[in-house]
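J.: Would you mind keeping the following structure in view while I ask a few things?
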Amino acid sequence: MAFTVAIDGPAAAGKGTISKAVAAHFGFAHLDTGLLYRATGRRTLDGTDPVTAAEQLLAADLEAGDLRTPDVAQAASRVAAIPEVRKALVDFQRAFARRDGGAVLDGRDIGTVICPDADVKLFVTATDDVRAERRLKELLGSGHDTDYDEVLADLRSRDARDSARAAAPLKPADDAVTLDTSTMDIDAAVAAAITIINETL
Ligand code: C5P
């Protein structure tokens, strides 16, 4: 039986951490859809046309080691505004969502466009300051050279672009449950998500 959990929200709100933990808890598969846009964006940094990059995306591209950098994040957000890029990535995401055994997808438009009929929709948020601190810790921990101001500027500019675009903008679905993780640690945020999903299962 297919059971789909859609988790959307702004950059670095905790979607990835929550999605992974929720998928592990329920034994569901997990797709970080941001990786599709990051891998596409990364290929455009070599001069590849964005639509071609999206159409030719390979599973191996999602394994590339340098998809987490702010440069790639910005490139992802730029290509994500192009309707033809989004269109090239829809079928893969919908097929993943429909797989037997349950699936968690996280991104910006999962509850609104990719899986409007998802069984559970969460919109995960946190204040700009909390998100920037969390992402800074993550990036420094993985050896990236950056600082608070740079991380905050990246998050804010991507959120602004992602929210303002005409194609599948970042916004909560009408029937999404909002989870503000500003004052929660990881365990509390994961527990809250699991409680919401259990109410539907
Ligand atoms: O989630 P992550 O921060 O890795 O996503 C990188 C960028 O990819 C976002 O800023 C957004 O522009 C784009 N994205 C999107 N739709 C999704 C997932 C990511 O437009 N479903």
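The values are calculated or read from the model by the stated rules, or taken from the named source; none is laboratory data. Since the model is a prediction, treat every value here as computed from it, not as a measurement. Heads up, the Cβs are rebuilt from the backbone with ideal geometry, glycines too, and the neighbour counts pull from every protein chain shown. The protein model used for the area step is the full one, side chains on, heavy atoms only, and it has no ligands, DNA or RNA in it. Shrake-Rupley method; radii C 1.70, N 1.55, O 1.52, S 1.80 Å.
J.: Where the second residue is open to solvent by 80 Å² or more (accessible area, probe 1.4 Å) and the first is basic (Lys, Arg) and lies in the range 136-165, which pairs have Cβ atoms under 9 Å and are six or more apart or on separate chains?
T.: Within 9 Å, the pairs are ARG161/ARG78.
J.: Something else now. Could you grab the pairs with beta carbons closer than 6 Å, sequence gap of 6+ or different chains, first residue in the range 92-111 and touching a residue at least 60 places away in the same chain (Cβ under 8 Å) and over 16 Å from LEU35 (Cβ atoms), second one near the ligand (Cβ under 8 Å from one of its atoms) and open to solvent by less than 60 Å² (accessible area, probe 1.4 Å)?
T.: The qualifying pairs are GLY111/ASP8.
J.: Additional query: Can you pull out every residue in the range 104-144 that is among the aliphatic types (A, V, I, L, M), at pLDDT 95 or above and outside any loop (DSSP other than H, G, I, E, B)?
T.: Answer for the range 104-144, where residues must be among the aliphatic types (A, V, I, L, M), at pLDDT 95 or above and outside any loop (DSSP other than H, G, I, E, B): VAL104, LEU105, ILE110, VAL113, ILE114, VAL120, LEU122, VAL124, VAL130, ALA132, LEU136, LEU140.
J.: In addition: Name the residue that is nearest to the ligand (Cβ to nearest atom), counting only residues in the range 14-63 that are part of a helix (DSSP H, G or I), open to solvent by 60 Å² or more (accessible area, probe 1.4 Å) and modelled with pLDDT under 95.
T.: GLU63
J.: Same structure, new question: Report whether or not THR69 is modelled with pLDDT under 95, open to solvent by 10 Å² or more (accessible area, probe 1.4 Å) and within 17 Å of ALA11 (Cα to Cα).
T.: Answer is yes for this residue.
J.: I'd like to verify a number: residues in the range 150-187 that are in a helix (DSSP H, G or I), in contact with a Leu (Cβ under 7 Å, 6 or more places away or on another chain) and open to solvent by 30 Å² or more (accessible area, probe 1.4 Å), how many?
T.: 1
J.: Sticking with this structure for a sec: Got a sec? Which of LEU122, LEU139 is open to solvent by less than 50 Å² (accessible area, probe 1.4 Å) and farther than 23 Å from PRO169 by Cβ? Break it down stepwise before answering.
T.: Details: LEU122 fails: farther than 23 Å from PRO169 by Cβ.
On inspection, the qualifying residue turns out to be LEU139.
J.: Taking the condition of being open to solvent by 30 Å² or more (accessible area, probe 1.4 Å), hydrophobic (A, V, I, L, M, F, W, C) and not in a helix (DSSP H, G or I), how many residues in the range 80-103 meet it?
T.: 2
J.: Does ASP91 satisfy the criteria of being within 23 Å of ALA168 (Cβ to Cβ), modelled with pLDDT of 95 or more and within 15 Å of the ligand (Cβ to nearest atom)?
T.: Numbers: within 23 Å of ALA168 (Cβ to Cβ): yes; modelled with pLDDT of 95 or more: yes; within 15 Å of the ligand (Cβ to nearest atom): yes.
The answer is yes for ASP91.
J.: Please specify each residue of the range 104-118 satisfying the condition of being open to solvent by 10 Å² or more (accessible area, probe 1.4 Å) and more than 8 Å from the ligand (Cβ to nearest atom).
T.: THR112, VAL113, CYS115, PRO116, ASP117, ALA118
J.: Please give the number of the condition ASP147 fails out of (1) in contact with a strand residue (DSSP E or B) (Cβ under 9 Å, 6 or more places away or on another chain); (2) farther than 22 Å from GLY102 by Cα; (3) away from the ligand (no atom under 12 Å from the Cβ); (4) open to solvent by 60 Å² or more (accessible area, probe 1.4 Å).
T.: The one condition ASP147 does not meet is (1).
J.: Scan the range 77-88 and report the pairs whose first residue is in contact (Cβ under 8 Å) with a residue 60 or more places away in the chain and whose second residue is more than 7 Å from the ligand (Cβ to nearest atom) and among the hydrophobic types (A, V, I, L, M, F, W, C), with Cβ atoms within less than 7 Å and a gap of 6+ or a chain change.
T.: Matching pairs, first to second residue: ALA81/ALA167; ILE82/VAL51; PRO83/ALA167; ARG86/ALA167.
J.: Those residues that are of a type in the set (Asp, Glu) and open to solvent by less than 60 Å² (accessible area, probe 1.4 Å), I need them from the range 125-136; list them, please.
T.: Selection gives ASP128 alone.
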